[in-house]
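Worksheet: the structure to be examined is printed underneath.
The values are calculated or read from the model by the stated rules, or taken from the named source; none is laboratory data. Values in this document were obtained by computation on a predicted structure and should not be read as measured data. Heads up, the Cβs are rebuilt from the backbone with ideal geometry, glycines too, and the neighbour counts pull from every protein chain shown. Heavy atoms of the whole protein, side chains included, go into the accessibility calculation; ligands, DNA and RNA do not. Shrake-Rupley method; radii C 1.70, N 1.55, O 1.52, S 1.80 Å.
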Amino acid sequence: MIVIWILLFVLLLALLILLFLKQLWSRRHLPPGPLALPLIGTLWADWFWLREDYFLKHAKRYGNIYSMWAGPHLVVVLSGFKTVKEAMTSFPEEFSDRPYDGLLSTLQNGRGIILSNGYTWKQQRHIGITSLRKLGLGKKSIEHQIEDAAQTLVEIFRQTKGQPFDPSLPVLNAVCNIICALSFGCQFAPEDENYQKLTQALEILVNFTGNFFHFMYGLFPQIMKYLPGPHKEAQVSRDLMLFFAKQEIEKHKESYSLHEPQDFIDHYLLQMEKSRNDPNSTYNEENLAQCILDFFAAGTETTVATLMWALLLLTNHPDIQGKVQKEIEDVFGFSRSISYQDRKKLPYTNAAIHEMQRVKYIFLAGAPTQSTKEVNMKGYCIPKGTIIAPNLHSVLLDPEQWETPKEFNPNHFLDKDGKFIEREEFLPFGIGQRSCVGEHLARIEIFIFLTNLLRAFSFRLPAGVKELNEVPVVKVTLHPHPYKLCAIPTQD
């Protein structure tokens, strides 16, 4: 009996060795990377634990292009500015698709902007970009609405009377209402019941993205759809948000202001009208509703996280905060409103805002794409269907590009004369055909919110607190831990 068990063990060991050798042979032309195990891929290499340097540490070992496996799915990670730029500019079409994402792709069914591909994606991205551009014009432009929202946020901060408070909820409401204004042409009171349901559903969807259940759904969709868990709650939240969007679409159809479009729904309905005789058109109400959901998912979480990091960094670095405030006061005083165009008059402020986004990039890596055909790069073969992960975190912390990559240093964006300089290595909004549709909107929001807040307040640590925690909460996005600060009015 013992002999039989020994033989079985030897056979099993031989089989595992053969499978391992077969894996090495079949993957000999791929970029190097940690050993992939069946089912779990390379997650074992980090003990299933996401860390801020999750992708950065593998680049140190395997180089700026390496392979990882998310279960059975090959992921090629690109690190460093030169490698990311070369890949995304040399192969713009080849690396333009979005990968299939288990639950989220199933829920979106190829609609909208974020997870769609092909002709659908090209048309939805086009209407998104052109609508945002048009909404930036005129007396009722989105920028003026951002300026109004910034003043409302200032008043909310003023009500704290210099006492310690958590700024996250008022910041969330301010940013979310900008997306409401953009999409629906109106804003909501924070206590509005439907608005609260919308923000709660958004929070559930955001928290689901990148968690354990999200990953497991991607590996075992046929099993997970029958099991209870947060993925069920995410489905309900997605349906609630779509229902909210469809209600607003119906209201717009009734008002029928297509000849003077006031918001994204108006612009989209007008495009539907223009394309009604085009049999290939993908402009329809289902895609419209999904585009609105995409605006909320991508345009709220990212800007809120950026502003929360900005307030934290300014509070921890009063010297930089003071320089920004002095520049704003010297140029504008306390009376004139500040517009986005005024950034050219505020080089140090503009540099500090860019540096906040660089040193505290809010994603673990960057939004992945998928190869549409086989590509040869740097001597490696990248098969069709490979997930491409351009690690923008590595670009923004690249020691070859930034003098002090891990320090909060606005001088990264200033020349020797103190003038602001644009840097092509600054890529928080992505690169290539899948770069962020809402980049311009986000830039306006961040600049106007921060300049208005810094003109009205000095941000200080609460009594007894030596420093706010700069270690992020690591998910797909990198948020600061909850914190409190004091907003001290500058004119008191």
| query | When N is the residue count of the stretch 364-434, what does its C-alpha Rg come to as a fraction of 2.2 N^0.38 Å? | reply | 1.42
| message | Longer than 27 Å from Cα to Cα, which of 60/344; 85/274; 134/232; 225/246; 274/384; 373/475 are they? Say none if no pair is. | response | 60/344; 85/274; 134/232; 274/384; 373/475
| Built amide H within the under 5 Å cut-off of residue 457, gap 5+ | 490
| field | Relative contact order (%) - the chain, alpha-carbon pairs under 8 angstrom, separation at least six | value | 23 percent
| query | Among 209, 490, 9, which residue has its Cα positioned farthest towards the positive end of the charge dipole of the chain, with +1 placed on the Cβ of Lys and Arg, -1 on the Cβ of Asp and Glu, and the dipole taken about the Cα centre? | reply | 9
| task | Please list the non-local residues whose amide H lies under 5 Å from the amide H of residue 382, H modeled 1.01 Å from N, same-chain partners needing a gap of 5 or more. | result | 375, 376, 377
| field | Cα-only Debye scattering, the chain: base-10 log of I(q)/I(0) at q = 0.10, 0.11 Å⁻¹ | value | -0.83, -1.00
| Which ³J(HN,Hα) values in Hz, rounded to whole numbers, follow from the phi angles of the stretch 261-269 under the Karplus curve 6.51 cos²θ - 1.76 cosθ + 1.60, where θ = phi - 60° and Gly and Pro get x? | x, 10, 8, 5, 4, 4, 5, 5, 4
| query | By the scheme Lys and Arg +1, Asp and Glu -1, what is the net charge of all other residues having a beta-carbon under 15 Å from that of residue 250? | reply | -3
| Gain upon complete extension [residue 161, residue 276; 0.36 nm per residue less C-alpha separation] | 35.8 nm
| remark: Taking Lys and Arg as +1 and Asp and Glu as -1, residues besides residue 421 with C-beta under 15 Å from its C-beta add up to -1
| Given H placed on each backbone N at 1.01 Å, which residues far from residue 71 in sequence or on other chains put an amide H within less than 5 Å of it? | 41, 42, 43
| message | Considering the Cα positions of the stretch 226-271, please state its Rg to one decimal place and its Dmax as a whole number of Å. | response | 15.3, 49
| task | Could you please state how large a percent of the accessible area of the chain is carbon and sulfur, counting protein chains only and using a 1.4 Å probe? | result | 58 percent
| field | Backbone HN-Hα couplings from phi across the stretch 465-479 [Karplus 6.51/-1.76/1.60, Hz, Gly and Pro as x] | value | 9, 7, 6, 7, 5, 9, 7, x, 7, 8, 9, 5, 9, 10, 9
| Tell me, what HN-Hα J-couplings in whole Hz come from the Karplus equation 6.51 cos²θ - 1.76 cosθ + 1.60 at θ = phi - 60° for each residue of the stretch 364-371, using x for Gly and Pro? | 5, 9, x, 5, x, 10, 9, 6
| message | Need the C-alpha centroid separation for the stretch 410-425 versus the stretch 298-356, integer Å. | response | 15 Å
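Determine, from the Cβ-Cβ distance of residue 4 and residue 407 and an R0 of 60 Å, the FRET efficiency 1/(1 + (r/R0)^6), rounded to the nearest 0.05. Before the final figure, lay out the partial values.
Working: r = 64 Å, r/R0 = 1.07.
The pair residue 4/residue 407 has a calculated efficiency of 0.40.
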| query | Regarding the stretch 342-403, what is the average projected area of its C-alpha convex hull, in nm²? | reply | 6.4 nm²
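In the chain, what percentage of the DSSP-assigned beta bridges are antiparallel, given to the nearest 5? Please list the in-between numbers first.
Working: 23 of 27 bridges.
Bridges in the chain are about 85 percent antiparallel.
Keeping every protein chain present and rolling a 1.4 Å probe, give me the accessible area per residue for the chain in Å².
Result: 49 Å² of accessible area for each residue.
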| field | By average C-beta atoms within 10 angstrom, highest first, the peptides 326-334, 359-367 | value | 359-367, 326-334
| Distance in nm between label sites at residue 233 and residue 260, each 7 Å beyond Cα in the beta-carbon direction? | 4.5 nm
| Projected onto the charge dipole of the chain (+1 at Lys/Arg Cβ, -1 at Asp/Glu Cβ, origin at the Cα centre), which of 183, 37, 172 gives the Cα projection farthest towards the positive end? | 37
| query | What does the charge add up to near residue 390, with Lys and Arg as +1, Asp and Glu as -1, over the other residues with Cβ less than 11 Å from its Cβ? | reply | +1
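Enumerate by residue number the trypsin sites (Lys or Arg not before Pro) in the stretch 103-161 meeting two conditions: DSSP loop (anything except H, G, I, E, B), and at most 15 other Cβ atoms within 10 Å of the site's Cβ. Walk me through the numbers on the way to the answer.
Working: sites: 111, 122, 125, 133, 134, 139, 140, 158, 161; in loops: 111, 139, 140, 161.
Passing sites in the stretch 103-161 are 139, 140, 161.
Beyond 19 Å, what percent of the Cα pairs of the stretch 193-302 remain?
Details: 3270 of 5995 pairs.
Counting every Cα pair in the stretch 193-302, those more than 19 Å apart make up 55 percent.
Report, in debye and to the nearest 20, how large the dipole of the chain comes out about its Cα centre when Lys and Arg carry +1 and Asp and Glu carry -1 on their Cβ. Provide the component values of the computation, followed by the final result.
Details: 50 positive and 52 negative charges, 235 e Å.
Result for the chain is approximately 1140 debye, rounded to the nearest 20.
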